[in-house]
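**Q** Dropping a structure here in structure tokens format, bear with me for questions.
The values are calculated or read from the model by the stated rules, or taken from the named source; none is laboratory data. Given the structure is predicted, the values throughout are model-derived calculations rather than measurements. FYI the Cβ positions are ideal-geometry reconstructions off the backbone, even for glycines, and counts take in every protein chain you see.
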């Protein structure tokens, strides 16, 4: 269920790829989390962070060079903050600024959008962001080293270089301490944190039809996993990205050994996209098998991309049939280890993951769960 069969997409791992990119195969250099691509038309980049706090809150902050659905535009810096409180209240904030409000270093992660700041060195980071009555101020320390799936560059197209989509999980898992504020209500919290970085020079919606992506920690384990489906132009081919660490050490990251499956799929009523209740990644290696299951409890938020466009662009997007959507899920991760078919370990914990859907729904009637699940949430 994974890997490119016809060569229309590949996760770059040749020695020539590393040489051309100026990076090493295993060790991630500090500059790789700095600005990696320009801000001119067609190019995009973002730095992402999320935390699960011990008080039950989840926080996600993203710094963009431009809205991810408008890569062909000029530099148009954007910051987003999403907070879900332990009592279920959610806040989804967006700040668009002017080009002169943006700066970024090419030698390290040091991104500034107005008074908002995302800075770090692959080990320690400080993230501050304020939008209206919402603010966050978080310091984090990595617990698992920066890691890349191969070179971190997924190339689409038959030619040697193709069209790239690049991804660097700079902090696969770390510890966060800080505060977040909603109006006059300020809370101090600590918990588990993740940070990654994406960039490219071709609009994602022309390359990628959809992806599931998740990160989680349970017991001594940390997992990062993604299932990427290319667009029709690339045969809807799929690629798995996978990393499993135990006690801070990476123990499995060969995507060739991983299979992916979904269970209980139904149409989200707001976005019209198929959403799975369960996404599962199974890693096989000789007599050992690891099974990581993400079980959805809530979908927060669900966003139709056209809703975040100015009205003229919204009309144009709908005329050309663009109806991309984003879903972020919270729920439970269960990580099981099997030796020779016997389960020898089982851990579970809270998790956050997402479904990014650029293309038209490919759901078939026979794929739907019967009866529809969690109708109050869709």
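**Q** Go through the range 33-75 and report how many residues are touching a helix residue (DSSP H, G or I) at 6+ places or on another chain (Cβ under 9 Å) and under 12 Å from residue 168 (Cα atoms).
**A** Adding up the residues that qualify gives 1.
**Q** Just to check your reading of the model, which residue among 275, 265 is surrounded by 15 or more Cβ atoms within 10 Å (Cβ to Cβ), outside any loop (DSSP other than H, G, I, E, B) and under 18 Å from the mean Cα position of the chain (by Cα)?
**A** Exactly one of 275, 265 is surrounded by 15 or more Cβ atoms within 10 Å (Cβ to Cβ), outside any loop (DSSP other than H, G, I, E, B) and under 18 Å from the mean Cα position of the chain (by Cα), namely 275.
**Q** Let me ask something else about it. For the range 40-86, what are the residues that are without any contact (Cβ under 8 Å) to a residue 24 or more places away in the chain and part of a loop (DSSP other than H, G, I, E, B)?
**A** 76
**Q** Then there's this: Quick one: would you say residue 244 is within 24 Å of residue 40 (Cβ to Cβ) and either crowded, with 20+ Cβ neighbours inside 10 Å or not assigned by TED's automatic domain parsing to the domain that holds residue 41 (or both)?
**A** Here the answer is no, as residue 244 does not meet what is asked.
**Q** Still on this model: Go through the residues of the range 300-312 one by one and say whether even a single one is surrounded by 14 or more Cβ atoms within 10 Å (Cβ to Cβ), modelled with pLDDT under 85 and within 21 Å of residue 241 (Cβ to Cβ).
**A** Among the residues of the range 300-312, not one is surrounded by 14 or more Cβ atoms within 10 Å (Cβ to Cβ), modelled with pLDDT under 85 and within 21 Å of residue 241 (Cβ to Cβ), which makes the answer no.
**Q** Test residue 216 against the criterion of being touching a strand residue (DSSP E or B) at 6+ places or on another chain (Cβ under 8 Å) and assigned by TED's automatic domain parsing to the domain that holds residue 45, and give yes or no.
**A** No; evaluated as a whole, the condition is false for this residue.
**Q** Taking into account only those residues within the range 7-31 that are under 23 Å from residue 227 (Cα atoms) and buried (at least 16 other Cβ atoms within 10 Å of the Cβ), which is modelled with the highest pLDDT?
**A** So, considering only residues that are under 23 Å from residue 227 (Cα atoms) and buried (at least 16 other Cβ atoms within 10 Å of the Cβ), the one modelled with the highest pLDDT is 28.
**Q** Is there a residue in the range 168-175 that is farther than 22 Å from residue 63 by Cβ, surrounded by fewer than 24 Cβ atoms within 10 Å (Cβ to Cβ) and in contact with a strand residue (DSSP E or B) (Cβ under 7 Å, 6 or more places away or on another chain)?
**A** No: the range 168-175 contains no residue that is farther than 22 Å from residue 63 by Cβ, surrounded by fewer than 24 Cβ atoms within 10 Å (Cβ to Cβ) and in contact with a strand residue (DSSP E or B) (Cβ under 7 Å, 6 or more places away or on another chain).
**Q** State whether one or more residues within the range 67-80 are touching a strand residue (DSSP E or B) at 6+ places or on another chain (Cβ under 6 Å), within 29 Å of residue 237 (Cβ to Cβ) and at pLDDT 95 or above.
**A** No, there is no match, as no residue in the range 67-80 is touching a strand residue (DSSP E or B) at 6+ places or on another chain (Cβ under 6 Å), within 29 Å of residue 237 (Cβ to Cβ) and at pLDDT 95 or above.
**Q** For the range 87-138, enumerate the residues that are surrounded by fewer than 13 Cβ atoms within 10 Å (Cβ to Cβ) and assigned to a loop (DSSP other than H, G, I, E, B).
**A** 87, 88, 89, 98, 106, 107, 115, 132, 133
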